[in-house]
Amino acid sequence: MALFCTDTFADAYAAEIAAAAPELELIVLRPGEEVSAADIERITIAFFSNDAWPERAAPFFKVALEAMNIEWFHSMSAGVDSPVFSMFLERGARLTTSSGASAPPIAGTVLLYLLALSRGLPRWLQAQAAHEWSPAPFRDLDGQGLVVVGYGPIGREVVRLATAFGMRPTVVRRSAHGDEGCPVRPLSELADTVRHADAVVVALPLAPETRGIISADVIGSMPPHAVFVNVGRGELVDQAALTDALASGGLAGAGLDVFDPEPLPADDPLWDLPNVIISPHTSGSSDGTTARVAEIFLDNLSRFVGGEPLRNEVTP
């Protein structure tokens, strides 16, 4: 077996890799160096680690796609909606993700958005930049109704944190599993569920059935005082309808980490809306996420060597 990974990961986790798979050969992506054809042929495992994104993604995937003997590919991301991942599945390779690794910082970012929007933080920052003393009242999160669309690791952590702040969460997912601890509504009732929400958080993965799920009708169903947060994928949302609602007073504000397209073009009107907080798809980019991704991969490496079921395996 031979593992293809970056030099950064190999250097940081050499001891852990050896402990999990003592016989494993390492084939390492190094800056400015080409991976030989003979090495590419030997690769059976590939790990796309956090340090490879975004600058080293292109050379990493170039090698991985040329490695026709790959049996297992592990990604640092939770979402594998990019077509490149399906190419490994189509070749018969196993695919696993790091689902759950970024849930704590992403959920924390969601609460940051909700707190900032409830307190009018953009207005405070504008006043500070203008040296203006302009106090204004703000809304408590305590008692607000929150709709969380999607109940994977991120959605669960959002519900946990929001409950600690006294919010009243309702989960929208395909079907109730009985472990939610709060009211659950099906995706088919999304427009009706958001009708009385104070805040809506989208934490869905992108799939054919979820693309565009936050439609103009759903956006129009939210009350004007509601705020909207998206930490899923930009393609889940009718971005033009969202922009119109935020600009016209149809929504009170938004915290957005994902967009369609990305990067968000410099001339996009969302940049200039005073009630919008924008982050560049970095809500999960913490040092803790990097460590948790490595932990999931190393655990799966032990499982792979031992012939055990892999965590977070994607079915074709």
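The values are calculated or read from the model by the stated rules, or taken from the named source; none is laboratory data. Every value quoted in this text rests on a predicted model; they were computed, and no experiment measured them. Glycine also receives a Cβ, built like all others from the backbone with ideal geometry; neighbour counts cover every protein chain displayed. Just the protein is used for accessible areas: all its heavy atoms, side chains included, with ligands, DNA and RNA removed. Shrake-Rupley method; radii C 1.70, N 1.55, O 1.52, S 1.80 Å.
List of remarks:
- Total formal charge among the other residues, if their Cβ is under 12 angstrom from that of L117, Lys/Arg +1 and Asp/Glu -1: +2
- Computed over neighbours whose Cβ is under 14 Å from that of V229, the net charge equals -2, Lys and Arg +1, Asp and Glu -1.
- Model label points for E34 and E55, set 7 angstrom from Cα along the Cα-to-Cβ axis, are 2.3 nm apart.
- Added length on full extension, which subtracts the Cα-Cα distance from 0.36 nm per residue, D268 to M87: 61.9 nm
- Segment 193-316, accessible area per residue, ligands and nucleic acids excluded (1.4 Å, Å²): 44
- Computed about the Cα centre, the dipole magnitude for the chain is approximately 900 debye when only Lys and Arg (+1) and Asp and Glu (-1) carry charge, each at its Cβ.
- Charge dipole (the chain, unit charges on Cβ, about Cα centre) - positive-most of Y151, V80, G32: Y151
- Restriction of the GluC sites (Glu not before Pro) in segment 187-284 to DSSP coil positions whose beta-carbon has at most 15 other beta-carbons within 10 angstrom yields E209.
- Other residues within the sphere of radius under 15 Å centred on the Cβ of P59, judged by their own Cβ, net out at -4 (K and R +1, D and E -1).
- Estimated inter-spin distance, A176 and Q126, nm [label 7 Å along Cα→Cβ]: 4.3
- Taking 0.36 nm per residue of sequence separation and removing the Cα-Cα distance, the R160/S188 pair yields an extension gain of 7.7 nm.
- ³J(HN,Hα), Karplus 6.51/-1.76/1.60, whole Hz, each residue of segment 21-32, x for Gly, Pro: 8, x, 8, 6, 8, 9, 10, 10, 7, 10, x, x
- Taking the protein heavy atoms of segment 189-233 in the context of the full set of protein chains, the accessible area attributed to carbon and sulfur is 54 percent at 1.4 Å.
- Calculated semi-axes √(5λ) of the Cα gyration tensor in Å (choose from (i) 40, 21, 18; (ii) 29, 24, 19; (iii) 32, 21, 20), label: (i)
- Solvent-accessible area of segment 134-188 (1.4 angstrom probe, protein heavy atoms only): carbon and sulfur portion equals 54 percent.
- Whole-number accessible area per residue in Å² for segment 1-145, which is evaluated in the context of all protein chains at 1.4 Å: 50
- Two-decimal Rg/Rh across segment 222-316, once Rg and the Kirkwood Rh are taken from alpha-carbon atoms: 1.17
- Overall, the accessible surface of segment 251-316 at a probe of 1.4 angstrom is composed of carbon and sulfur to the extent of 54 percent.
- Across segment 41-55, coupling constants 3J(HN,Hα) worked out from phi with the 6.51/-1.76/1.60 Karplus curve, θ = phi - 60°, read 5, 7, 5, 10, 10, 10, 10, 8, 8, 4, 5, 7, 9, x, 4 Hz, and Gly and Pro carry x.
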